[in-house]
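The values are calculated or read from the model by the stated rules, or taken from the named source; none is laboratory data. Note that the structure is a prediction, hence the values are computed from the model and not measured. Heads up, the Cβs are rebuilt from the backbone with ideal geometry, glycines too, and the neighbour counts pull from every protein chain shown. Side chains are part of the model used for accessible areas, which takes the heavy atoms of the whole protein and leaves out ligands, DNA and RNA. Shrake-Rupley method; radii C 1.70, N 1.55, O 1.52, S 1.80 Å.
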Amino acid sequence: MRSFVEWLDTHAWSTALHESLHMYPIVETTHVLSLMVFVGTLAIVDFRLLGVAFRNVPVSQVTSRVLPWTALGFVVIVSTGVMLFYAIPIRTFHSVWFRLKVILIVAAGINAWLLHRRMTRTRVEWDNDRKPPLLVRMSAGVSLAAWAGVIICGRMIAYNWFDCDKPQPAWVNFLAGCIAEAAVP
């Protein structure tokens, strides 16, 4: 993976995007705004699944109205996220925060897949209940926590506390995938 990231960094477009006076801020702003749409609409569904909001509206109604916006937000955040990674591939790849963010996104995706499987099998039984079953509520809580973690980690990527170009403890170098340069005699 490291060689792929180094190869990405050699592209002139990568450098041009990162050094662009207008394009990089536009991509980053679009990423943040679409993240607000994605997480905001997802939170509406999760709060309904937790039984703390929209309790008188069937879950199926909430999801049918909100999830298309969630999907649109997801497509835009993935697209802009790839562009942000492309703009600064090596530094981002070695960011402990980026790595944790990816883990949380994968965990949130697995959680969503499991929830969807569970919901499609049993939703008819509890669709109108003010409080869904415990496993559904737990999954909604995990979703909210995971996406909150993704947002925090995404924000922390901008800070260089754990960059490979500064002296770091061995455990940080390990987590960041930093490779110690051979000492020149």
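(1) crowded, with 19+ Cβ neighbours inside 10 Å; (2) on the phi > 0 side of the Ramachandran plot; (3) small (Gly, Ala, Ser): which one isn't true of Gly51, the others all being true?
(1)
Is it the case that Tyr86 is under 22 Å from Thr29 (Cα atoms), touching a Ser or Thr at 6+ places or on another chain (Cβ under 8 Å) and open to solvent by 30 Å² or more (accessible area, probe 1.4 Å)? Lay out the reasoning, then the answer.
Working: under 22 Å from Thr29 (Cα atoms): yes; touching a Ser or Thr at 6+ places or on another chain (Cβ under 8 Å): yes; open to solvent by 30 Å² or more (accessible area, probe 1.4 Å): yes.
Yes.
In this structure, is Arg48 charged (D, E, K, R) and under 21 Å from Glu125 (Cβ atoms)? Please lay out each step first, then the result.
Working: charged (D, E, K, R): yes; under 21 Å from Glu125 (Cβ atoms): yes.
When the stated conditions are applied, Arg48 passes them.
I need the full set of residues from the stretch 23-35 which are in contact (Cβ under 8 Å) with a residue 24 or more places away in the chain and open to solvent by 60 Å² or more (accessible area, probe 1.4 Å), in order please. Before you say what the answer is, go through the steps one by one.
From the stretch 23-35, those in contact (Cβ under 8 Å) with a residue 24 or more places away in the chain are 24, 27-28, 30-31, 34-35; that's our starting set.
If the condition is that a residue be in contact (Cβ under 8 Å) with a residue 24 or more places away in the chain and open to solvent by 60 Å² or more (accessible area, probe 1.4 Å), then Glu28 is the only one that fits.
How many of the residues in the stretch 32-54 are more than 30 Å from Val82 (Cα to Cα) and of a type in the set (A, V, I, L, M, F, W, C)? First the steps, then the outcome.
So in the stretch 32-54, the residues more than 30 Å from Val82 (Cα to Cα) come out as 48-54.
Next, only the ones that are of a type in the set (A, V, I, L, M, F, W, C) stay: 49-50, 52-54.
Going through the stretch 32-54 one residue at a time, the tally reaches 5.
From the residues in the stretch 54-70 that are among the hydrophobic types (A, V, I, L, M, F, W, C) and open to solvent by less than 30 Å² (accessible area, probe 1.4 Å), which one is modelled with the highest pLDDT?
Initially, the stretch 54-70 is screened for residues among the hydrophobic types (A, V, I, L, M, F, W, C), giving 54, 57, 59, 62, 66-67, 69.
Next cut, open to solvent by less than 30 Å² (accessible area, probe 1.4 Å) only: 59, 62, 66.
Numbers: Val59: 89, Val62: 92, Val66: 95.
Taking the candidates together, the pick is Val66.
Would you call Gly73 small (Gly, Ala, Ser) and crowded, with 16+ Cβ neighbours inside 10 Å? Explain how you work it out, then say what you get.
Details: small (Gly, Ala, Ser): yes; crowded, with 16+ Cβ neighbours inside 10 Å: yes.
So Gly73 passes the test.
Does Trp147 qualify as being open to solvent by less than 100 Å² (accessible area, probe 1.4 Å) and either more than 20 Å from the chain's Cα centre (by Cα) or more than 30 Å from Glu6 (Cβ to Cβ) (or both)? Steps first, please.
Working: open to solvent by less than 100 Å² (accessible area, probe 1.4 Å): yes; either more than 20 Å from the chain's Cα centre (by Cα) or more than 30 Å from Glu6 (Cβ to Cβ) (or both): yes.
Yes; evaluated as a whole, the condition is true for this residue.
Just give me the residues in the stretch 150-161 being within 17 Å of Thr41 (Cβ to Cβ) and open to solvent by 50 Å² or more (accessible area, probe 1.4 Å), in sequence order.
Let us first name the residues in the stretch 150-161 that are within 17 Å of Thr41 (Cβ to Cβ), namely 150-151.
Once the filter is applied, which keeps residues that are within 17 Å of Thr41 (Cβ to Cβ) and open to solvent by 50 Å² or more (accessible area, probe 1.4 Å), the stretch 150-161 yields only Ile151.
Can you name every one of the helices (runs of 4 or more DSSP H) wholly within the stretch 76-185 that holds 1 or more residues which are in contact with a Leu (Cβ under 7 Å, 6 or more places away or on another chain) and hydroxyl-bearing (Ser, Thr, Tyr)? Explain how you work it out, then say what you get.
Numbers: elements: 89-93, 96-126, 134-156, 170-176.
Ranges flagged: 134-156.
Given the options Ser20, Ser79, Ser3, name the one that is over 22 Å from Val142 (Cα atoms), polar (S, T, N, Q), surrounded by fewer than 16 Cβ atoms within 10 Å (Cβ to Cβ) and modelled with pLDDT of 95 or more. Reasoning before the result, please.
Numbers: Ser20 fails: modelled with pLDDT of 95 or more; Ser3 fails: modelled with pLDDT of 95 or more.
Going through Ser20, Ser79, Ser3 in turn, just one is over 22 Å from Val142 (Cα atoms), polar (S, T, N, Q), surrounded by fewer than 16 Cβ atoms within 10 Å (Cβ to Cβ) and modelled with pLDDT of 95 or more: Ser79.
If I go through the stretch 103-144 residue by residue, how many of them are closer than 24 Å to Val75 by Cβ and either touching an Asp or Glu at 6+ places or on another chain (Cβ under 9 Å) or surrounded by 15 or more Cβ atoms within 10 Å (Cβ to Cβ) (or both)? Show your work before the answer.
So the first thing to find is which residues in the stretch 103-144 are closer than 24 Å to Val75 by Cβ, and the list is 103-117, 119-120, 139-140, 142-144.
Checking which are either touching an Asp or Glu at 6+ places or on another chain (Cβ under 9 Å) or surrounded by 15 or more Cβ atoms within 10 Å (Cβ to Cβ) (or both) leaves us with 104-105, 107-108, 111-112, 115, 119, 139-140, 142-144.
Residues in the stretch 103-144 being closer than 24 Å to Val75 by Cβ and either touching an Asp or Glu at 6+ places or on another chain (Cβ under 9 Å) or surrounded by 15 or more Cβ atoms within 10 Å (Cβ to Cβ) (or both): 13 in total.
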